[in-house]
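Enquirer: Mind having a look at this structure? Questions to follow.
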Amino acid sequence: MSKEIIKEAASVEEAQQLIAAELGVAAETITFEVLQQPEKKVLGLFGGTNAVVKGTVAGGSAADAACAYLKSVLSAMGVADFTCSVKEENNNCIITLDGENLGFIIGRRGDTLDALQYLTSLVANRVDNAYYRVTLDIGNYREKREQTLISLARRLGGQTSRTGRRHSLEPMNPYERRIIHTAVQDLEGVTSWSVGSEPNRHVIIGPTDDNPNKDKGERRGRGGRGGRGGNRGGNRGGERRERGSRQPHEIVAPERPVREFISRSNPMPMADGGSLPTRTESEKEQSASLYGRIDL
């Protein structure tokens, strides 16, 4: 089944790019037909028409569209020598890339590979507008990762069964979390559940309610947090309560003796032979206890 799209743009090249972007496939796999050539405006103001291009992509399966998209992306990334093999099963397919120096496509814990797989799935789903699952693999990475996660789940599950303590795993995508849950189901006295939100959602492996070591693991967890440190915290709490029970004492300024006022002035005799009245100590000066007096 073929698919046609008509786009209008200022140039033929721009219209072709719009068609390839909407179809989600490489431009090399599309047959273009120019329905109308673009015409420039007279004096840059009057008339002028855009280019009209029709793009037709040959009928093919969703897997073919996915491979074509992968080839265009990898070519843009500078990867030239690689092969793309497809294995279809019902409504999904497994695409395996083989070649040299493809390790950088995997990324840290498969993050880059998962992102490329997601984009490829979007392209494949647009062929028939139906759900089509695409699994992308490089160098048998998916199988190796699955075995690593199964071993991790069994090892932590065994520790949980013996000690009754929980174990929190690193954030994983839904596919990897499903592997952990499936592996834990085969263990006795152990269960698993997911917490958090994407992209930080992760799995916790813990004891079941009928696990005889569940209570022991919980007590050990509380004891580890509140052992000797808890005693110190209790003593400190007692000290805080004891200190807090004391009533704040009132701060009283110390009493200071008031020195006797001695006039330092040398009054001149008045015209009538008298003298200036002597200076006496004021009540404010008598009551001053914190600050010294200034004699004039």
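The values are calculated or read from the model by the stated rules, or taken from the named source; none is laboratory data. This structure is a prediction, so every number in the text was calculated from the model and none was measured. Glycine gets a Cβ as well: all are built from the backbone with ideal geometry, and neighbour counts include every protein chain shown.
Enquirer: Mind counting the residues in region 78-124 that are under 15 Å from N140 (Cα atoms) and exposed (fewer than 12 other Cβ atoms within 10 Å of the Cβ)?
Expert: 6
Enquirer: Now, a different point. If T56 satisfies all but one of (1) among the hydroxyl-bearing types (S, T, Y); (2) over 20 Å from E4 (Cβ atoms); (3) touching a strand residue (DSSP E or B) at 6+ places or on another chain (Cβ under 6 Å); (4) not in a helix (DSSP H, G or I), what's the number of the condition it fails?
Expert: With (1) among the hydroxyl-bearing types (S, T, Y); (2) over 20 Å from E4 (Cβ atoms); (3) touching a strand residue (DSSP E or B) at 6+ places or on another chain (Cβ under 6 Å); (4) not in a helix (DSSP H, G or I) applied to T56, the lone miss is (2).
Enquirer: In the list V73, V52, V34, V25, which residue meets the criterion of being farther than 30 Å from G139 by Cα, of a type in the set (V, I, T) and touching a residue at least 40 places away in the same chain (Cβ under 8 Å)?
Expert: On the way: V73 fails: farther than 30 Å from G139 by Cα; V34 fails: touching a residue at least 40 places away in the same chain (Cβ under 8 Å); V25 fails: farther than 30 Å from G139 by Cα.
The conditions single out V52.
Enquirer: Sticking with this structure for a sec: How many of the residues in region 103-129 are over 24 Å from P199 (Cβ atoms) and either touching a residue at least 24 places away in the same chain (Cβ under 8 Å) or of a type in the set (K, R) (or both)? Before you say what the answer is, go through the steps one by one.
Expert: Step one: filter region 103-129 for residues over 24 Å from P199 (Cβ atoms), giving 126-129.
Then drop every residue that is not either touching a residue at least 24 places away in the same chain (Cβ under 8 Å) or of a type in the set (K, R) (or both), which leaves 126-128.
Looking only at that region, the number is 3.
Enquirer: For region 169-192, give me each residue that is in a loop (DSSP other than H, G, I, E, B) and either of a type in the set (K, R) or buried (at least 17 other Cβ atoms within 10 Å of the Cβ) (or both).
Expert: To start, the set of residues in region 169-192 that are in a loop (DSSP other than H, G, I, E, B) comprises 172-173, 186-189.
The answer is M172, L187, G189.
Enquirer: Okay, next question. Assess whether I150 counts as being assigned to a helix (DSSP H, G or I), in contact with a helix residue (DSSP H, G or I) (Cβ under 7 Å, 6 or more places away or on another chain), more than 30 Å from A68 (Cα to Cα) and of a type outside the set (D, E). Talk me through it step by step, then tell me what you get.
Expert: Details: assigned to a helix (DSSP H, G or I): yes; in contact with a helix residue (DSSP H, G or I) (Cβ under 7 Å, 6 or more places away or on another chain): yes; more than 30 Å from A68 (Cα to Cα): yes; of a type outside the set (D, E): yes.
Yes.
Enquirer: Something else now. Could you tell me whether A21 is of a type in the set (G, A, S), under 25 Å from A68 (Cβ atoms), modelled with pLDDT of 75 or more and not assigned by TED's automatic domain parsing to the domain that holds V127? Talk me through it step by step, then tell me what you get.
Expert: Working: of a type in the set (G, A, S): yes; under 25 Å from A68 (Cβ atoms): yes; modelled with pLDDT of 75 or more: yes; not assigned by TED's automatic domain parsing to the domain that holds V127: yes.
Answer is yes for this residue.
Enquirer: Moving on. Assess whether C67 counts as being not assigned by TED's automatic domain parsing to the domain that holds E14 and not in a helix (DSSP H, G or I).
Expert: Details: not assigned by TED's automatic domain parsing to the domain that holds E14: yes; not in a helix (DSSP H, G or I): no.
No: the conditions fail for C67.
Enquirer: Considering every residue within region 135-146, establish whether at least one is among the basic types (K, R), part of a helix (DSSP H, G or I), over 22 Å from E176 (Cβ atoms) and free of Cβ contacts under 8 Å to residues at least 60 places away in the same chain.
Expert: First, pick out the residues of region 135-146 that are among the basic types (K, R): 142, 144-145.
Filter once more, so that each one left must be part of a helix (DSSP H, G or I): 142, 144-145.
Within this subset, residues satisfying the condition of being over 22 Å from E176 (Cβ atoms) are none.
Scanning region 135-146, I find no residue that is among the basic types (K, R), part of a helix (DSSP H, G or I), over 22 Å from E176 (Cβ atoms) and free of Cβ contacts under 8 Å to residues at least 60 places away in the same chain, so the answer is no.
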